[in-house]
Amino acid sequence: MMKLGRSAIALAAAFLLSGALPAAHLVLVAGASGRSGSAAMRLLDEEGYTVRATTTNRARAVERHGAQWDWVELDVRDRDAVFAAMQDVDYLICAIGTRSLLGGNGPEFVDYAGVVNLVDAAVEAGVRHFVLVSSAAAGPYRERSRMILFARARHWKTLGENHLKNSGLDYTIVGPSGLRDDPAEGRLRVMARADYDTGRVAIGDVGMLTVDALTNPDARNKSYAVVRDESAAPGAWREMLKAIEIDSVTEESPDHPLMPDPE
Ligand SMILES: NC(=O)c1ccc[n+]([C@@H]2O[C@H](COP(=O)([O-])OP(=O)(O)OC[C@H]3O[C@@H](n4cnc5c(N)ncnc54)[C@H](OP(=O)(O)O)[C@@H]3O)[C@@H](O)[C@H]2O)c1
């Protein structure tokens, strides 16, 4: 039987004491306090989902986003707490990402080990669909950046993605290009990440794509890059998404081997 840590037990107790009942279509948003996560949260509210919003710091999240969501403190590095937070969850959007390229909250521990914890807990909870916000430049076709710290971050994101791909969960990996603090406008180009070059995308559009992916069969078991494209008609991205192939599990090729980047 799984051994629960103190924070996990406290979390489980908080759910019980709140009297929360299992809700249909409960979406856990990991990283709800972040830019993409909060954009997804607003849309989930509009669409009538029940949400469980996680943050590492409730007071800071309330200050930034208000108290309309019932914030749950969760550090994804705490495996027991992640398993406890997954109770009754139907769908998961993971919009976490570290801003520390080194140290104990670096990509190895957040973008990789944290994602592994979320994926494993989602498998145990029978989550219906897992949406991972990663990066246009991660994955098996990721750029070899000369900036070693960025290369390492993409490396750990790629390993987190691979864990999700091999988990048996239904999933979508959304790969944003550079993020802009703008609302959704739906003028987008989505593409296989092998075809990604460069670009930027509005946070609102990333939030919209993550919520769409929860139930869109055309997004199922796919990984894609997204950029803003003024010349695209609003909504044209839906046909582009249909044309993207379902992932093969490894996606390895001689030109883009799944080798670790240099340390
Ligand atoms: N910035 C870009 O241009 C860009 C481009 C492509 C892809 N991406 C990727 O897109 C994703 C979303 O980016 P964003 O800019 O929307 O994120 P963000 O605003 O930087 O928010 C990051 C989120 O991760 C959470 N987080 C960090 N460490 C955590 C931990 N140990 N446990 C639990 N949660 C933790 C933060 O929680 P608290 O705030 O509550 O601590 C916050 O909610 C990230 O994976 C990022 O790498 C970013």
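The values are calculated or read from the model by the stated rules, or taken from the named source; none is laboratory data. Everything quoted here is computed from the prediction, not taken from an experiment. With ideal geometry, Cβ positions are generated from the backbone for all residues, glycine too; neighbour counts draw on all protein chains shown. Side chains included, ligands, DNA and RNA excluded: accessible areas come from the protein's heavy atoms. Shrake-Rupley method; radii C 1.70, N 1.55, O 1.52, S 1.80 Å.
Of the conditions (1) of a type in the set (A, V, I, L, M); (2) assigned to a strand (DSSP E or B); (3) open to solvent by 30 Å² or more (accessible area, probe 1.4 Å); (4) over 27 Å from residue 116 (Cβ atoms), residue 179 clears all except one; give me its number.
Residue 179 satisfies every listed condition except (4).
In segment 182-194, how many are open to solvent by 40 Å² or more (accessible area, probe 1.4 Å) and touching a Phe, Trp or Tyr at 6+ places or on another chain (Cβ under 6 Å)? Outline the logic, then answer.
Initially, segment 182-194 is screened for residues open to solvent by 40 Å² or more (accessible area, probe 1.4 Å), giving 182-185, 187, 189, 194.
Checking which are touching a Phe, Trp or Tyr at 6+ places or on another chain (Cβ under 6 Å) leaves us with 194.
Of the residues in segment 182-194, 1 are open to solvent by 40 Å² or more (accessible area, probe 1.4 Å) and touching a Phe, Trp or Tyr at 6+ places or on another chain (Cβ under 6 Å).
Please indicate, with yes or no, whether at least one residue in segment 207-222 is touching a residue at least 60 places away in the same chain (Cβ under 8 Å) and more than 16 Å from the chain's Cα centre (by Cα).
Taking every residue of segment 207-222 in turn, none turns out to be touching a residue at least 60 places away in the same chain (Cβ under 8 Å) and more than 16 Å from the chain's Cα centre (by Cα).
Residue 139 - would you say it is modelled with pLDDT of 90 or more and out of contact with any His (no Cβ under 7 Å at 6 or more places or on another chain)?
On the way: modelled with pLDDT of 90 or more: no; out of contact with any His (no Cβ under 7 Å at 6 or more places or on another chain): yes.
Judged against the criteria, residue 139 is not a match.
Kindly indicate whether any position in segment 195-202 is more than 21 Å from residue 158 (Cα to Cα), open to solvent by less than 30 Å² (accessible area, probe 1.4 Å), within 12 Å of the ligand (Cβ to nearest atom) and not in a loop (DSSP other than H, G, I, E, B). If you could, list the steps in order and put the result at the bottom.
Of the residues in segment 195-202, the ones more than 21 Å from residue 158 (Cα to Cα) are 202.
Next, from what is left, pick out any that are open to solvent by less than 30 Å² (accessible area, probe 1.4 Å): 202.
Filter again for within 12 Å of the ligand (Cβ to nearest atom), leaving 202.
Still in the list and also not in a loop (DSSP other than H, G, I, E, B): 202.
The answer is yes; a qualifying residue exists.
Under 6 Å by Cβ, and 6 or more places apart or on different chains, what pairs join a residue from segment 38-59 that is more than 16 Å from residue 206 (Cβ to Cβ) with one that is part of a strand (DSSP E or B) and not hydrophobic (A, V, I, L, M, F, W, C)?
Within 6 Å, the pairs are 58/73.
Just one of (1) farther than 21 Å from residue 38 by Cβ; (2) open to solvent by less than 20 Å² (accessible area, probe 1.4 Å) trips up residue 218, so point out which.
Going through (1) farther than 21 Å from residue 38 by Cβ; (2) open to solvent by less than 20 Å² (accessible area, probe 1.4 Å) one by one, residue 218 breaks only (2).
With the requirement that a residue be of a type in the set (Lys, Arg) and at pLDDT 95 or above, what does segment 169-228 give you?
Within segment 169-228, 180, 187, 189, 200, 220, 222, 228 meet the criteria.
Filter segment 113-136 down to the residues that are more than 11 Å from the ligand (Cβ to nearest atom) and within 10 Å of residue 160 (Cα to Cα), then identify the one that is least open to solvent (accessible area, probe 1.4 Å).
If we filter segment 113-136 for residues that are more than 11 Å from the ligand (Cβ to nearest atom), which is where we start, we get 116, 119-131.
The next check asks that each one be within 10 Å of residue 160 (Cα to Cα); those that pass are 116, 119.
Working: 116: 21, 119: 0 Å².
Top of the filtered list is 119.
Go through segment 51-92 and count every residue that is open to solvent by 60 Å² or more (accessible area, probe 1.4 Å) and closer than 18 Å to residue 33 by Cα. Full working, then the answer.
The initial filter retains those residues of segment 51-92 that are open to solvent by 60 Å² or more (accessible area, probe 1.4 Å), namely 56, 58-60, 63-64, 67-68, 70, 73, 77, 79, 87-88.
Cutting the leftovers down to closer than 18 Å to residue 33 by Cα gives us 56, 58-60, 63-64, 67-68, 70, 73, 77.
Within segment 51-92, residues that are open to solvent by 60 Å² or more (accessible area, probe 1.4 Å) and closer than 18 Å to residue 33 by Cα number 11.
Pick from 21, 101, 16: which is surrounded by fewer than 23 Cβ atoms within 10 Å (Cβ to Cβ), in contact with a Pro (Cβ under 8 Å, 6 or more places away or on another chain) and modelled with pLDDT under 95?
Working: 21 fails: in contact with a Pro (Cβ under 8 Å, 6 or more places away or on another chain); 16 fails: in contact with a Pro (Cβ under 8 Å, 6 or more places away or on another chain).
Selected residue: 101, the only one of 21, 101, 16 that is surrounded by fewer than 23 Cβ atoms within 10 Å (Cβ to Cβ), in contact with a Pro (Cβ under 8 Å, 6 or more places away or on another chain) and modelled with pLDDT under 95.
Conditions: (1) modelled with pLDDT under 90; (2) charged (D, E, K, R); (3) within 15 Å of the ligand (Cβ to nearest atom). Residue 144 meets all but one. Number of the miss?
(3)
So the check is Cβ under 9 Å with 6+ separation or different chains; which pairs have a first residue in segment 114-126 that's at pLDDT 95 or above and a second one that's within 16 Å of the ligand (Cβ to nearest atom) and basic (Lys, Arg)?
Qualifying pairs under 9 Å: 114/77; 115/157; 116/79; 117/77; 117/79; 120/79; 121/79.
Which condition number does residue 74 fail, the rest of (1) closer than 20 Å to residue 133 by Cα; (2) more than 9 Å from the ligand (Cβ to nearest atom); (3) among the hydrophobic types (A, V, I, L, M, F, W, C) being met?
Tallying (1) closer than 20 Å to residue 133 by Cα; (2) more than 9 Å from the ligand (Cβ to nearest atom); (3) among the hydrophobic types (A, V, I, L, M, F, W, C), residue 74 fails exactly one: (2).
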